[in-house]
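The values are calculated or read from the model by the stated rules, or taken from the named source; none is laboratory data. Quick caveat, the model's predicted, so the values are computed rather than measured. Glycine gets a Cβ as well: all are built from the backbone with ideal geometry, and neighbour counts include every protein chain shown. Surface accessibility is based on the protein's heavy atoms, side chains included, excluding ligands, DNA and RNA. Shrake-Rupley method; radii C 1.70, N 1.55, O 1.52, S 1.80 Å.
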Amino acid sequence: MLQLSVIAPIYNEEENIERLTERISQAVEKEFSDYEIIYVNDGSSDKSKEILDKLAFQNSKVRVFHFTENNGQTAALAAGFEKCTGELVVTMDADLQTDPEDIYRLLPYIEEYDMVNGKRATREDGIVKKLSSVIGNGVRNKITGDDIQDTGCPLKLYKLEVVKKYKLFDGMHRFLPTLARMNGYKVIEVPVRHFDREFGVSKYGVWNRLFKGLKDAFAVRWMMKRNLNYEFEN
Ligand code: UDP
Ligand code: MG
């Protein structure tokens with residue numbers, strides 16, 4: 001069995017893919033020899049597709065899956081979760097706003113916990129995004145009854161069974177720690193570093209993120225309330 005799967009969703013990230021791959025390989029190879037990098041191309045319209053295909057051809061660690069159209073970040077992550085085989089699974093965004101080296105900040109916790117969620121100790125996103133994130137997390141927690149401080153941090157580490165158990169719907173990438181808990185898994189948040197996006201642009205505006213996230217929080221609340229949680233007698 002593979003030791004580690006690294007998954008990144010890709011939507012118009014042509015400037016980022018090569019350096020992302022270098023940085024992931026550099027970081028991961030310090031401790032893991034047996035790993036895969038899974039890129040799910042979410043219907044990019046730039047050169048991402050060609051770059052990814054070339055990379056997969058040159059580098060046997062890289063596995064690439066192309067969607068026929070843009071299906072959104074949750075779909076891209078769900079596809080990665082479907083395809084991955086590593087005992088441990090790491091997700092990150094393609095833009096290097098988190099550093100692959102910080103996997104090692106999460107790793108010490110994965111024995112005791114089933115999911116280790118990064119928590120952006122510093123935010124390099126500008127005041128508006130930062131504020132909307134604080135408000136977003138606060139309101140989401142109020143609605144779902146959870147206490148996750150940074151559900152949107154791209155860097156996350158999981159045991160394989162956690163990602164295989166998810167049944168995701170569009171927008172649910174904003175609730176992954178809460179959904180893991182709902183499925184009975186132990187989740188902890190651990191500080192990681194955060195950086196400015198150097199290349200390419202953010203795919204979200206402040207308002208669409210905030211309002212969609214809020215609406216979805218009620219769906220998650222409903223799911224938690226109606227979650228089936230039965231055990232058999234011995
Ligand atoms: N992404 C995707 N499909 C989308 C939008 C985004 O696969 O429809 C990917 C994107 O390429 C990146 C990650 O999801 O790897 C996060 O996107 P972004 O950096 O724009 O989000 P932000 O950091 O602004 O929250
Ligand atoms: Mg980003």
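Below is a table of values for the structure above.
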quantity: Pairs, first more than 13 Å from ligand 1 (Cβ to nearest atom) in region 19-46, second assigned to a helix (DSSP H, G or I) and charged (D, E, K, R), C-beta under 6 Å, six or more apart; calculated: 27/101
quantity: Residue, nearest to ligand 1 (Cβ to nearest atom), within region 88-106, restricted to residues that are over 20 Å from residue 173 (Cα atoms) and in contact with a strand residue (DSSP E or B) (Cβ under 7 Å, 6 or more places away or on another chain); calculated: 102
quantity: Of all residues making up region 108-138, the number that are of a type in the set (A, V, I, L, M, F, W, C), under 19 Å from the mean Cα position of the chain (by Cα) and within 22 Å of residue 206 (Cα to Cα); calculated: 2
quantity: Set 126, 118: member being at positive phi, among the small types (Gly, Ala, Ser) and within 15 Å of ligand 2 (Cβ to nearest atom); calculated: 126
quantity: Members of region 107-119 that are open to solvent by 30 Å² or more (accessible area, probe 1.4 Å) and not hydroxyl-bearing (Ser, Thr, Tyr); calculated: 107, 108, 111, 112, 119
quantity: Selection count, region 120-143, where residues are touching a residue at least 24 places away in the same chain (Cβ under 8 Å) and either farther than 20 Å from residue 190 by Cβ or open to solvent by less than 50 Å² (accessible area, probe 1.4 Å) (or both); calculated: 11
quantity: Hits in region 119-169 - residues which are of a type in the set (Gly, Ala, Ser), within 16 Å of ligand 1 (Cβ to nearest atom) and within 20 Å of residue 224 (Cβ to Cβ); calculated: 136, 152
